[in-house]
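The values are calculated or read from the model by the stated rules, or taken from the named source; none is laboratory data. Everything numeric here is computed off the predicted structure, so don't read it as measured data. Neighbour counts are summed over all protein chains in view; Cβ atoms, including those assigned to glycine, are modelled from backbone coordinates with ideal geometry.
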């Protein structure tokens, strides 16, 4: 049954993509990468979903908040939803 | 000397000369106080993620430099006064400024970026406000057989 497949105790944790790929740097000046870690509403995606390790999630959060200050990312997107 | 980076946004409606003069003005403020400019990067006009002082676009300029905290404070003071600058942000990158190390890091980063660009060759175009819908939500759906607790 295809529907029930989702229901599983623990899926294997996805590895942190920043750990997996060292060429990928977290930078507040790079909104394209950061966008991937925000919802379409502009919220930061939590670690349990993004799969980031603690360290990188922390850096990511910082970068997203900086990007918001300088209008590279929205605090809250009005359109879209 | 500390290693700083300042990103600021200039009124997008200014003429080219005027924009250049703003950039010039602020880099002079820094260099007059013994700062060492590493990079002046004019990103050009970009869409802002939200409205700032009634503007929807802005001319982004990035400075990377080594300076004393006093020089930065002075520049920020003038940022506040100058109405042509609509937003600014200074980030301290390091407590020590070492021009040589920065040049080295820069070269390394460039190499990495090139490698990444080569890998991501599969045609993503350079536009700032496309909500690329990414497969972000369901991280746990990639089928892995190991955890055998499905019915």
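Side notes on the structure shown:
- Residues satisfying the stated conditions in region A:17-51, i.e. more than 9 Å from every other protein chain (Cβ to nearest Cβ), surrounded by 14 or more Cβ atoms within 10 Å (Cβ to Cβ) and in a helix (DSSP H, G or I): A:17, A:18, A:33, A:34, A:47
- If the condition is being surrounded by 11 or more Cβ atoms within 10 Å (Cβ to Cβ) and not in a helix (DSSP H, G or I), then region B:92-114 contributes B:92, B:93, B:94, B:97, B:98.
- Scanning region A:52-68 for residues that are surrounded by fewer than 18 Cβ atoms within 10 Å (Cβ to Cβ) and not in a helix (DSSP H, G or I) yields a total of 1.
- Among the residues of region B:35-51, those that are more than 17 Å from the chain's Cα centre (by Cα) and either in a helix (DSSP H, G or I) or closer than 14 Å to residue B:4 by Cα (or both) comprise B:35, B:36.
- On inspection, residue A:81 passes the criterion of being more than 10 Å from chain B (Cβ to nearest Cβ), at pLDDT below 90, surrounded by fewer than 19 Cβ atoms within 10 Å (Cβ to Cβ) and under 25 Å from residue B:48 (Cα atoms).
- For residue B:71: the one exception among (1) within 24 Å of residue B:10 (Cβ to Cβ); (2) under 19 Å from the mean Cα position of the chain (by Cα); (3) surrounded by 15 or more Cβ atoms within 10 Å (Cβ to Cβ): (2)
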